[in-house]
């Protein structure tokens, strides 16, 4: 939304950080430049005299003369455009994301603000400071531009400003609270508009996110149900074939157990003739005892009775004759 506004910025405009980088080369022109800056602080430093909507006016003491003050100006360019961009950044808001945090906004504003400078001291004019700041590359000279290059005193154009403005750059970070108050005094409506627009956009994104979640849930639910039903159907089918092989060997073993008694019957039939031979060896035993032993042999099966009954009857007839003969002998 705000990108189209900031594409109109002139990329040649200088920020405070760019001017600081250019100023580092001033030590090649004045090796004792740091001592001169400190002398300004010792003499009286600087004072903020007026805070306007776009310009701040200062008084800065001379580093060599007593009771001599030079006027200095800091002019902020494209303030509204930069504030719209920064205020829309929710990282610079409070923790509860309800409004802009002016302290965070002020620090970020001082880092990225396009500024123009002016100092009334002779060094800024004759040692090439105004000419460097007037160049299109920086466009950082406030007021009338300087087109005369310092070909005699500073032909290589070292530095960007004088020792007075150097003190001003050092002091600006300590005025963060003043910048926050300045933003609240001169740009409260603009910041409020940005807060409303950013808040409305944030709500739209939240609603869109919630709708997407609902759609995902609605799409996932019908897909999960058939999967669960298919799994529930597959589980018993998978269990049935597992149980069947376990039962099959049990069924195969059952006929084997039934065959065992059939095999036991065969030896019993073979033993029967052996029992029939015993009474032949013991011929002298009484007939009554033989009858008692033979009675249980008639019970097992009715089919075998007629075959077995014929043989013992013939044997008994022979035995009876012998017994009768033996009795006659004993009686005589």
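Coordinate-derived values only; no laboratory data. Nothing here was measured: the structure is a model prediction, and the numbers come from that model. Note that we place each Cβ from the backbone using ideal geometry, even for glycine, and neighbour counts take in every protein chain shown.
Worth a mention:
- Computed label-point distance, nm, for sites residue 185 and residue 55 using a 7 Å Cα→Cβ extension: 1.6
- Extension gain for residue 101 to residue 208 (0.36 nm times residue separation, less C-alpha to C-alpha distance): 35.9 nm.
- Mean-position separation - Cα centroids, segment 115-148 and segment 41-69, in angstrom: 18
- Relative protection proxy for 21-28, 209-216, from highest mean packing down: 21-28, 209-216 (other beta-carbon atoms within 10 angstrom).
- Judged by the gyration tensor of its Cα atoms, with axes a ≥ b ≥ c, segment 61-175 is prolate; a/c meets the 1.5 cut and a/b is the larger of a/b and b/c.
- Separation of the residue 156 and residue 177 label points, Cα + 7 Å toward Cβ, nm: 4.4
- Segment residue 17-residue 91, extension gain: residue separation times 0.36 nm, minus the distance between their alpha carbons: 24.5 nm
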